[in-house]
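To start, the structure itself, in structure tokens.
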Amino acid sequence: MSGSALSDLTSLMALGRERDLDMRPVLLRVQTDLFVTARHRDRATIMAFEALAVGLLAAIDDDTAAIIARKLAPVPETPESVLLLLVLRGGEARRAVIEQAPALSELMIAAASGDGGDLSVFLAARRGLAAAEVAELVQHEDGAVDLALARNPHLNVTGTTLDVLVERARLRPTLAAALLERDDLPAGHQAALYLSAPEGRRAAIRAGVAPLASARGHGFRAAAAPDCAELVRLATAGAGLAFGAELAAMLRLDPAPLWSFSREARHDLLPLALLAAGVGEEDTVRILLTLEPAIALSVATVFRLVRLFRETERPTAVYLVEAILGVARAPNSGRHVPLTAPESERFAPALPMRRVPVARQDTERNAAR
């Protein structure tokens, strides 16, 4: 310790005695800063700091303990005895040590979990997690653990683990937002979370998947005029369920998905699905103006969705609809199957799907609503 620092500390302690103040928390914070910023930490320095810290930790409050822990945990030379005392404090001090310490001994893990606490969320935020460790954490099926993994900037999440997290994120907006904030999220996985992305990000996702969609080289035909006319009729009649079944049949989706076009977050799915099905622009505009009041009553929304239809290439729309709904196209058939289906079902040739008839009574019942 330099002479000036020692002089400052001596003055500080003298001031504390004069005013009857407990200067131990301040002293520990100052000594911690000196230890952390030191260029070299020889054995004598480490032992001196250990003796001081162990003696002062009992005198600080939990907030100060958390501050101390966040500073000391990443430093490899921090004595394990000090880290153990911080772990035993629990709360944010424990979190900081478990998340940031370069290495965790069995003794530290035992101390951290001795009161029955679950360390999974803390462990999910650590640097250098092995693939097996990540896979084990994902198996917990714990929302907080998943979120910690998604927010871990040091983690390279790939393969099955990423697929599982994205699949769960379809139903968890917070998890979806965390995954979308990652710089390393592949374009295909971004597409799966398209409806959870803000509008500006959606444009970037469309641009990102466009090359992937074009590379697949699918041949697309325009939808048959009778099919388009039936969609328009059902939309005009307000037969939402029958419309959804008809659109699903045109896309060869069996069973029909729960479209939920009325929800604001899912508005984009309507023009994208119509474009993917081969419906023309004129019929699409009619559907946008009649099917869902939540869309039709907003001029700005209709204009935005028409612009989305015009500016998106059809292969991109097909790619996005498949990703959003979690289905894949089976070769030689055009039929869609869930991405979670067995590999043999997803990739083996399949028979074309039979069109789903729309029952007249269902149409009339929904039109009356």
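The values are calculated or read from the model by the stated rules, or taken from the named source; none is laboratory data. What you see is a predicted model; the values in this text were computed from it and never measured. Please note: Cβ atoms are built from the backbone with ideal geometry, for glycine as well, and neighbour counts cover all protein chains shown.
Summary of values
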item	result
Residue match in region 261-273 (condition: outside any helix (DSSP H, G or I), farther than 25 Å from Pro211 by Cβ, under 30 Å from the mean Cα position of the chain (by Cα) and among the small types (Gly, Ala, Ser))	yes
Region 246-266 - residue that is in contact with an Asp or Glu (Cβ under 8 Å, 6 or more places away or on another chain) and not acidic (Asp, Glu) and, of those, surrounded by the fewest Cβ atoms within 10 Å (Cβ to Cβ)	Ser262
Any chance Ala53 is out of contact with any strand residue (DSSP E or B) (no Cβ under 9 Å at 6 or more places or on another chain), surrounded by 15 or more Cβ atoms within 10 Å (Cβ to Cβ), small (Gly, Ala, Ser) and within 17 Å of Leu27 (Cβ to Cβ)	yes
Test set (1) part of a helix (DSSP H, G or I); (2) out of contact with any Asp or Glu (no Cβ under 7 Å at 6 or more places or on another chain); (3) over 21 Å from Arg314 (Cβ atoms) - Ala207 fails condition number	(3)
Enumeration of residues in region 108-152 that are in contact (Cβ under 8 Å) with a residue 12 or more places away in the chain, closer than 25 Å to Arg170 by Cβ, in a loop (DSSP other than H, G, I, E, B) and of a type outside the set (D, E, K, R)	Ala124, Ala125, Leu129, His140, Asn152
Test: residue in region 284-297 that is among the polar types (S, T, N, Q), under 27 Å from His189 (Cβ atoms) and either out of contact with any strand residue (DSSP E or B) (no Cβ under 9 Å at 6 or more places or on another chain) or in a helix (DSSP H, G or I) (or both)	no
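Here's the yes/no breakdown for (1) surrounded by fewer than 18 Cβ atoms within 10 Å (Cβ to Cβ); (2) at pLDDT below 90; (3) part of a helix (DSSP H, G or I); (4) in the same structural domain as Arg89 (by TED's automatic domain parsing):
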| position | (1), (2), (3), (4) |
| --- | --- |
| Asp20 | yes, yes, no, yes |
| Arg29 | yes, no, yes, yes |
| Ala65 | no, no, yes, yes |
| Ala69 | no, no, yes, yes |
